[in-house]
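Notes follow once the structure below has been shown.
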Amino acid sequence: MNLVNVELANSKAIRAYIPKTLQGQLHLFISNQVYPGLDRDSELGWSNVVTNGIYLYKFSVFHADMMREPNVRLLAEKFQVCLEKSQRDATLSID
């Protein structure tokens, strides 16, 4: 399958996809740098499907740069804090 066919298949899947409601919170890590001419919802459409709140973590770099040092280290640190909080919250809700 060549790249054009992959792109066509991805586009078809995106148009057909109907997301289900997420019963919980979402921690969304995004770039706050938007390419010129690209207008986007700050929550990337998640507000339509998440029931218990969205926590936004914005990085002052373009999306592709989030996976490069030193940004990826900062992303990992924030992600670790979110995981630890979620684990504490889950433990409290079980007790």
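In terms of solvent-accessible area of protein heavy atoms at a 1.4 angstrom probe, what is the ranking of 59, 79, highest value first? Intermediate results must be reported in sequence, preceding the final value.
Values: 59 20, 79 105 Å².
Accessible-area ranking of 59, 79, largest first: 79, 59.
Per-residue accessible area for residue 57 at 1.4 Å probe radius, Å² rounded to 10?
50
With all protein chains present, calculate the accessible area of residue 42 using a 1.4 Å probe and round the result to the nearest 10 Å².
Estimated to the nearest 10 Å², residue 42 gives 60 Å².
Which angle between 0 and 90 degrees, to the nearest 10, do you get for helix 3-16 versus the longest principal axis of the chain when only C-alpha atoms count?
Between the helix axis and the principal axis of the chain, the angle is about 60 degrees.
Of 88, 15, which has the most accessible area and how do the rest follow, probe 1.4 Å?
In descending accessible area the options line up as 15, 88.
Name the aspartates and glutamates eligible as straight-distance cross-link partners of residue 58: C-alpha to C-alpha under 15 Å, and not fewer than 8 places from it in the same chain.
Within the straight-line cut-off, residue 58 pairs with 41, 43, 77.
Once both axes come from the Cα atoms, what is the angle between helix 71-94 and the longest principal axis of the chain, in degrees from 0 to 90, rounded to 10?
With rounding to tens, the tilt is 50 degrees.
Hey, can you grab everything whose amide H is under 5 Å from the amide H of residue 27? Only 5+ residues off in sequence or another chain; H modelled, so Pro and N-termini drop out.
Hits under the 5 Å cutoff: 55.
The values are calculated or read from the model by the stated rules, or taken from the named source; none is laboratory data. Quick caveat: nothing in here was measured; it's all calculated off a predicted structure. The protein model used for the area step is the full one, side chains on, heavy atoms only, and it has no ligands, DNA or RNA in it. Shrake-Rupley method; radii C 1.70, N 1.55, O 1.52, S 1.80 Å.
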